[in-house]
Amino acid sequence: VRSARCTSNFWENPGAEFRQTVTYKWPSSNRRENKWPNGTDAIQFSSGPIDFFGPLVAYALERKEEKIEYLGQREDEGATALILRLSRPDGTEITSYLDPSTFLEFKIVSRNPKLLFTRTAYYGSFSRVDGLTLFHRSEVYENGRMVASITNIQCILNPAIDDAVFAQEPKK
């Protein structure tokens, strides 16, 4: 997978709802377009499509300054999980909980020393898209309170993407 265009329904606390389309191109481009009920707000990012391809994939392919550890297999919230922790030079830790039969991440816990709360994301309702299994739903919690919910509507893998789409000025 070298590119993707995914559309999701997004909810953020306190009650903001919008449709988001994210265009990713490996290794260094992504663009988010949020469609709010009162207009469109397009935002450009160029830090890399890490959230689609995942921190573990990015580590395996090119993030060698990061460290990954296998923490073993254990029960977590009623499910057996293989646990991997990714540590970044800035002190951020991302712990991934994988189903041992499918190797799909069903939970990710992020700790950032600059933020007050740990962020936990739960993934579920997986579906196949062009031979790749992607999550359909995600819920994100901070300090035990849900702060975001994402429902993926459509994801197109390897669409032809012109680099000019990443150079456009954000609309407000």
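Taken together, the values in this text are just the output of simple stated rules run on the coordinates, not laboratory data. Please read all numbers here as calculations on a predicted model, not as lab measurements. Cβ coordinates were reconstructed from backbone atoms using ideal geometry, including for glycine residues, and neighbour counts include every protein chain displayed.
What FRET efficiency, computed as 1/(1 + (r/R0)^6) with R0 = 25 Å and r the Cβ-Cβ distance, is obtained for V1 and D90, rounded to the nearest 0.05? With R0 = 25 Å, the Cβ-Cβ based efficiency is 0.40.
Straight-distance candidates among the aspartates and glutamates for linking to K107, with alpha-carbon spacing under 17 Å and chain neighbours fewer than 8 residues away dropped: D51, E69, E75, D76, E77, E93, D99, E139, E142. Simple spin-label estimate for A164 and Q73 gives 5.2 nm between the two label positions (7 Å along the Cα-to-Cβ direction from each Cα).
To the nearest 0.05, how large is the calculated FRET efficiency for T118 and I153 if R₀ is 22 Å and r is the Cβ-Cβ distance?
Values: r = 29 Å, r/R0 = 1.30.
It comes out at approximately 0.15.
Neighbours of L84 by Cβ distance under 13 Å: Lys/Arg scored +1, Asp/Glu scored -1, total -2.
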